[in-house]
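Here is the structure we will look at.
The values are calculated or read from the model by the stated rules, or taken from the named source; none is laboratory data. Remember, predicted model here, so these are calculated numbers, not experimental data. Please note: Cβ atoms are built from the backbone with ideal geometry, for glycine as well, and neighbour counts cover all protein chains shown. These area figures cover heavy atoms from the full protein model, side chains too; ligands, DNA and RNA do not enter into them. Shrake-Rupley method; radii C 1.70, N 1.55, O 1.52, S 1.80 Å.
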Amino acid sequence: MPIVETYLAEHSPDILCLQEIKCEESKFPAKAFAALGYEHQAVHGQKGYHGVATVSRVPIREVSRHNWQANGEARHVGVEVVGKDMFVDNVYVPAGGDVPDREKNTKFGQKLDFLERMIGWAGDLDRQTLIVGDFNIAPLESDVWSHKQLLKVVSHTPIEVETLQRFKEAHGWVDIGREHICDPERYFSWWSYRSPDWRKNDRGRRLDHMWASEALAKQSTAHRVLEEARSWEKPSDHIPLITEFDI
């Protein structure tokens, strides 16, 4: 919470989406968020792992919890922004393990199947939606520190990139980040804890995304990443992304 409080105090987003909260809903710090002005909350948690939460200063209403992992893991929560033509889907896509082969690595197969279920959902989507979260895929060459060295590393393999592209096409999603930080400009959102000096080595990847329906994307006015957050005390290995909309 100290890191979250720092972020909220400095940037005051209307809506905050969190992934990998690692707690049951009953243990989510709901009162602490409410005290900070985020009294509207949609929390999908579980013991020990995974979990997502969307907290807001403006009224939201939970509308969905998709079981895209097909095993009950808490990896999605969808909300409607009350009084606005806008839905926000918050997702935590599985990392997929270390070996990019579904025959040798069950987790990689589960990741691809998760994305296939997302594709089916997106193909039927008929409302203005913003989908955000840890996609655990860096699709573009400029989304990774070395395209050549990461081609066989989970998160940047051709099959993951191709599957994510089909998800994009299923609804005609607009990649908000790349609308404002245009390819081939460097754009990372994650640096491994294993790197002794993340800034000097800069071996980052863009694993986190904010994508919107076409009409909603046209209302986005700004997008930025907070790389400085990676240097905060006891930081996440992911940094916050911020998109502003005029709605």
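Compute the length gained on full extension between Ala70 and Lys104: take 0.36 nm times their separation in residues and subtract their Cα-Cα distance, giving the result in nm to one decimal.
That works out to 10.2 nm of additional length.
Quick one: if you stick a label point 7 Å off each Cα along the C-beta vector at Glu228 and Glu244, how many nm between them?
Reported label-point gap for Glu228 and Glu244 is 1.6 nm.
Test of understanding: express the Cα radius of gyration of the stretch 1-77 as a ratio to 2.2 N^0.38 Å, with N the residue count. The partial results should precede the final answer.
Details: Rg = 12.4 Å, N = 77, 2.2 N^0.38 = 11.5 Å.
Taking the Cα Rg and dividing by 2.2 N^0.38 Å, one obtains 1.08.
For Ser236 and Ile181 in one chain, what is 0.36 nm times their gap in residues minus the Cα-Cα distance, to one decimal in nm? Before the final figure, lay out each step's value.
Numbers: separation 55, 0.36 × 55 = 19.80 nm, distance 2.23 nm.
Full-extension gain reported as 17.6 nm.
Give the aspartates and glutamates reachable from Lys22 as a straight Cα distance under 12 Å; neighbours fewer than 8 places away on the same chain don't count.
The qualifying aspartates and glutamates are Glu73.
By the scheme Lys and Arg +1, Asp and Glu -1, what is the net charge of all other residues having a beta-carbon under 13 Å from that of Gln19?
-4
Run through the DSSP bridge list for the chain and note the antiparallel percent, rounded to the nearest 5.
Working: 35 of 41 bridges.
Just about 85 percent of them are antiparallel.
Lys/Arg Cβ at +1, Asp/Glu Cβ at -1, dipole of the chain taken about the Cα centre: which of Ser231, Thr163, Met86 is farthest positive-ward?
Toward the positive end, the furthest listed residue is Ser231.
What is the gain in length, in nm to one decimal, between Arg61 and Glu162 on full extension, counting 0.36 nm per residue of separation less the C-alpha to C-alpha distance? Working shown, then result.
Values: separation 101, 0.36 × 101 = 36.36 nm, distance 3.31 nm.
Gain on stretching Arg61 to Glu162: 33.1 nm.
In percent, how large is the relative contact order of the chain, given Cα pairs closer than 8 Å and 6 or more residues apart?
Rounded, it is 14 percent for the chain.
With Cβ to Cβ distances under 11 Å as the rule, what net charge do the other residues near Leu36 carry (K, R +1; D, E -1)?
My count for the surroundings of Leu36 gives 0.
How many times 2.2 N^0.38 Å is the alpha carbon radius of gyration of the stretch 95-144? Intermediate results must be reported in sequence, preceding the final value.
Working: Rg = 13.2 Å, N = 50, 2.2 N^0.38 = 9.7 Å.
Rounded to two decimals, the normalised Rg is 1.36.
Give the lysines reachable from Lys152 as a straight Cα distance under 28 Å; neighbours fewer than 8 places away on the same chain don't count.
Correct list for Lys152: Lys104, Lys107, Lys111, Lys168, Lys200.
In the stretch 1-112, carbon and sulfur make up what percent of the accessible area (probe 1.4 Å)?
47
So I have [x] 7, 29, 32, 15, 6, 5, 4, 2, 0; [y] 8, 33, 40, 17, 2, 0; [z] 7, 31, 40, 20, 2, and one of them is P(r) over Cα pairs in 10 Å bins from 0, in percent calculated from this model. Which one is it?
[z]
Have a look at Val174, Asn136, Gln219 and report the one farthest towards the positive end of the charge dipole of the chain, computed about the Cα centre with Cβ charges (Lys/Arg +1, Asp/Glu -1).
It is Asn136, whose Cα lies furthest towards the positive end.
Sum up the charges of everything whose Cβ sits under 11 Å from the Cβ of Ala222, counting Lys and Arg as +1 and Asp and Glu as -1, but leave Ala222 out.
On the way: positive: Arg224; negative: Glu179, Glu244, Asp246.
So the surrounding residues net to -2.
Using the Cα centre of the chain as the reference point, and only Cβ charges (+1 on K/R, -1 on D/E), how large is the resulting charge dipole? Debye, rounded to the nearest 20.
Once rounded to the nearest 20, the dipole reads 620 debye.
Placing +1 at every Lys and Arg Cβ and -1 at every Asp and Glu Cβ, with all other atoms neutral, what dipole size does the stretch 92-143 have around its Cα centre, in debye to the nearest 20?
180
Any chance you could check the Cα centroid distance between the stretch 147-218 and the stretch 49-95 for me, in angstrom?
20
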